[in-house]
Amino acid sequence: MNPSELILTAARALAVYVLMLIVIRALGKRTVGNFSAFDLIVALMLGEMVDEIIYGDVRFLQGTVAIVAIGAVAYADSWLAFANKRMEALVEGKPTVVLRDGEFVRDGMRSERMNETDVLGHLRSQGIQDMREVHLAVVEHDGSVSVLRQPWAEPAQKADVLEAEHRNRRSALGDEDEPPQSKRTDSRRALFLD
């Protein structure tokens, strides 16, 4: 087999990967379910390549080169996303706020192509009966919706009612009731707003 054919196969695999990433990211987070767009593309491409090899549509060596190329891109992509927040946001997407302090965030809903019924359904699935209880509802990069309640709507914890657990919480957290900015899941940094 000609080495230029193998290089062409690897280049085609890379081109298909980029094309699929663009299409799936354009379709939105909810399209991919609990996969990130990146994970879905890799799974689809590897599955298709295995199919082509098994049925003999491509030579084993060509298929192997394509699989290794896809794997290498996936590995490099995950490291780049780990090392660089901008790359992570580009490939995986950013969390999108769809409800803030009990009010719909229309721009976020529009970008995720969600209507009020969709948002309310996600709230109900997490046991929220009154949207005023919600501080933030966020569509994560995998399409799931996470909900942070208002402090007054949080369920009671053992440390709220049992003195021994209260002492344990104080020894673990100190005198601060509010988490430091670096530990908050609703900070501007955590939501990729900075």
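The values are calculated or read from the model by the stated rules, or taken from the named source; none is laboratory data. Owing to the predicted nature of the structure, the values given are computational and were not obtained by experimental measurement. Here the Cβ is made from the backbone with ideal geometry for all residues, glycine too, and neighbour counts use every protein chain on show.
Observations on the structure shown:
- Single residue of Ala74, Ala69 found to be within 18 Å of the chain's Cα centre (by Cα) and outside the structural domain of Ser146 (by TED's automatic domain parsing): Ala74
- Note on region 172-187: among residues that are in a loop (DSSP other than H, G, I, E, B) and among the polar types (S, T, N, Q), the one that is surrounded by the fewest Cβ atoms within 10 Å (Cβ to Cβ) is Thr185.
- In region 2-45, residue nearest to Val68 (Cα to Cα) [restricted to those that are at pLDDT below 75 and either charged (D, E, K, R) or assigned by TED's automatic domain parsing to the domain that holds His141 (or both)]: Arg25
- Subset of region 125-147 [assigned to a helix (DSSP H, G or I), more than 22 Å from the chain's Cα centre (by Cα) and not charged (D, E, K, R)]: Met131
- So Asp118, is it more than 25 Å from Phe38 (Cβ to Cβ), of a type in the set (Asp, Glu) and either modelled with pLDDT of 90 or more or assigned to a helix (DSSP H, G or I) (or both): no
- Output for region 57-106, where each listed residue is more than 23 Å from Glu5 (Cβ to Cβ), surrounded by 15 or more Cβ atoms within 10 Å (Cβ to Cβ), touching a residue at least 60 places away in the same chain (Cβ under 8 Å) and of a type in the set (A, V, I, L, M): Val91, Val97
- Subset tally (residues that are of a type outside the set (Val, Ile, Thr) and assigned to a helix (DSSP H, G or I)) for region 148-171: 15
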